[in-house]
Amino acid sequence: MKKLAIAGALAIAAATAGHAATTTVKSAPSESWTVTNYYKQAVYDPKESKIGDIDDVLIDKSGKITGLVLGVGGFLGAGEKDVIVPFSAVKAAKKNDKWWLTIDETKDTLKEAPGFKYDKASTTWVPEKK
């Protein structure tokens with residue numbers, strides 16, 4: 001379900017960008033990263049304790065990544081809460097040939113943040129009803 005949402009968002013962004021471009025590129029833009037560097041990757045706090053995993057990447061209509069849906073808490077997906085953090089809040093680096101993502105938050109502070117649920121009908125993340 002979430003995989004479909006990100007695939008759809010990327011397809012829309014690619015289609016929009018494709019119509020705006022008059023030619024194709026001959027090489028990847030410098031300093032560009034792929035969504036794979038974030039999607040389904042673990043996120044750690046500054047003390048290197050795992051907080052959760054990125055469940056979705058939010059992209060605006062211009063193709064800019066605006067936020068990341070981070071699944072926190074729970075065990076093996078059960079009892080997990082999805083929160084949205086700004087894209088700029090997550091720092092990325094390469095560590096042992098793997099992407100290492102960190103955020104200046106703790107698992108406990110994120111578990112207290114407002115939760116979101118994916119709405120299939122609108123294909124958006126909506127606030128959780130309490």
Original post:
Within the range 23-61, which residues are among the acidic types (Asp, Glu) and surrounded by 11 or more Cβ atoms within 10 Å (Cβ to Cβ)?
Top reply: Asp45, Asp53, Asp55, Asp56, Asp60
Original post:
Could we say that Ala93 is modelled with pLDDT under 85, touching a Leu at 6+ places or on another chain (Cβ under 9 Å) and open to solvent by 30 Å² or more (accessible area, probe 1.4 Å) here?
Top reply: yes
Original post:
Are any of the residues in the range 2-17 β-branched (Val, Ile, Thr), modelled with pLDDT under 55, open to solvent by less than 50 Å² (accessible area, probe 1.4 Å) and part of a helix (DSSP H, G or I)?
Top reply: yes
Original post:
Condition test on Ser88, is it assigned to a loop (DSSP other than H, G, I, E, B) and free of Cβ contacts under 8 Å to residues at least 24 places away in the same chain?
Top reply: no
**OP:** Output the residues belonging to the range 113-128 that are in contact with a strand residue (DSSP E or B) (Cβ under 8 Å, 6 or more places away or on another chain), of a type outside the set (A, V, I, L, M) and either buried (at least 17 other Cβ atoms within 10 Å of the Cβ) or not in a strand (DSSP E or B) (or both).
**Re:** Pro114, Gly115, Phe116, Tyr118, Trp125, Glu128
Original post:
For the range 63-76, does any single residue satisfy the condition of being in contact with a strand residue (DSSP E or B) (Cβ under 9 Å, 6 or more places away or on another chain), surrounded by fewer than 17 Cβ atoms within 10 Å (Cβ to Cβ), in a loop (DSSP other than H, G, I, E, B) and hydroxyl-bearing (Ser, Thr, Tyr)?
Top reply: no
Original post:
Which ones in the range 96-112 are assigned to a loop (DSSP other than H, G, I, E, B) and exposed (fewer than 15 other Cβ atoms within 10 Å of the Cβ)?
Top reply: Asn96, Asp97, Asp104, Glu112
Original post:
Across the range 43-62, what is the number of residues that are out of contact with any Ser or Thr (no Cβ under 6 Å at 6 or more places or on another chain) and either assigned to a strand (DSSP E or B) or among the aliphatic types (A, V, I, L, M) (or both)?
Top reply: 10
Original post:
Out of (1) touching a helix residue (DSSP H, G or I) at 6+ places or on another chain (Cβ under 6 Å); (2) buried (at least 18 other Cβ atoms within 10 Å of the Cβ); (3) part of a loop (DSSP other than H, G, I, E, B), the odd one out for Val83 is which?
Top reply: (3)
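The values are calculated or read from the model by the stated rules, or taken from the named source; none is laboratory data. If you're wondering where the values come from, they're calculated on a predicted model, not measured in any experiment. No Cβ is skipped: glycine too gets one built from the backbone with ideal geometry, and neighbour counts run over all protein chains shown. Just the protein is used for accessible areas: all its heavy atoms, side chains included, with ligands, DNA and RNA removed. Shrake-Rupley method; radii C 1.70, N 1.55, O 1.52, S 1.80 Å.
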